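In what follows, a single structure is set out as structure tokens and then discussed.
The values are calculated or read from the model by the stated rules, or taken from the named source; none is laboratory data. Every value quoted in this text rests on a predicted model; they were computed, and no experiment measured them. Here the Cβ positions follow ideal geometry from the backbone for every residue, glycine too, while neighbour counts run over all protein chains shown.
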């Protein structure tokens with residue numbers, strides 16, 4: 001059943017509308033549904049200034065609504081990602097518990113991002129993600145026999161990046177001394193093009209001059225995908 005409102009209540013809503021209030025503002029002020037208020041004030045003539053105020057309020061309200069919606073969406077995505085991360089926690093335990101699995105992971109990473117024999121005859125692994133570089137290098141050091149003095153590093157930066165800064169960054173990530181970094185120069189193809197990503201630190205390429213190790217990593221990766229291809 002529709003609720004009956006007094007003339008005084010209706011007049012109050014009219015007065016607020018004539019003052020340039022939006023339907024939402026009047027509804028919040030009077031606790032009356034916007035649909036009801038809309039019928040009462042549909043014939044109210046507004047000045048240009050009042051119309052502009054209402055339009056600005058609607059725009060501002062929409063922006064606030066979008067902001068709230070974005071925050072809710074971010075929170076939902078955060079919860080969604082956390083559920084999936086919890087679901088795959090067993091993976092980390094498996095890698096730590098079985099050296100063979102860790103070696104397979106290292107081989108798969110190399111097959112995806114490493115140079116292949118025979119077109120190359122040295123182990124070279126490159127990526128722009130510090131976590132990928134650190135993971136590969138940690139696996140390599142722990143489960144394969146490598147000499148630290150044979151590990152080399154080269155940074156491939158964009159034109160507008162500070163090479164010295166990047167080398168210090170990657171030296172910290174890789175734990176490779178700067179004296180083992182190859183000299184490099186910026187990519188000329190990026191001259192005049194601003195680097196938009198603030199966290200982009202160039203590409204880090206690890207090199208280890210051992211063809212046997214290179215082919216072992218490659219063969220591990222190939223053996224794994226052979227079964228599923």
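Helices (runs of 4 or more DSSP H) fully within the stretch 76-187 that include at least 1 residues being assigned by TED's automatic domain parsing to the domain that holds residue 201, surrounded by 11 or more Cβ atoms within 10 Å (Cβ to Cβ) and modelled with pLDDT of 95 or more: 99-113, 130-143, 163-174.
Determine, yes or no, whether residue 20 is out of contact with any strand residue (DSSP E or B) (no Cβ under 9 Å at 6 or more places or on another chain), at positive phi and surrounded by 10 or more Cβ atoms within 10 Å (Cβ to Cβ). The answer is yes for residue 20. When you check residue 28 against the structure, is it buried (at least 17 other Cβ atoms within 10 Å of the Cβ) and not in a loop (DSSP other than H, G, I, E, B), yes or no? No.
Just need a number here: residues in the stretch 193-221 that are within 30 Å of the chain's Cα centre (by Cα) and part of a helix (DSSP H, G or I).
Restricting attention to the stretch 193-221, the residues satisfying the condition of being within 30 Å of the chain's Cα centre (by Cα) are 193-207, 217-218, 221.
Filter once more, keeping what is part of a helix (DSSP H, G or I): 217-218, 221.
Total satisfying the criteria: 3.
If a residue has to be more than 26 Å from residue 5 (Cα to Cα) and loosely packed, with under 11 Cβ neighbours inside 10 Å to count, how many in the stretch 35-59 make the cut? Qualifying residue count, the stretch 35-59: 4.
Residue by residue, here is whether (1) under 17 Å from residue 61 (Cβ atoms); (2) modelled with pLDDT of 85 or more holds:
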site	(1), (2)
8	no, yes
12	no, yes
17	yes, no
23	yes, no
32	no, yes
36	no, yes
40	no, yes
45	no, no
50	yes, no
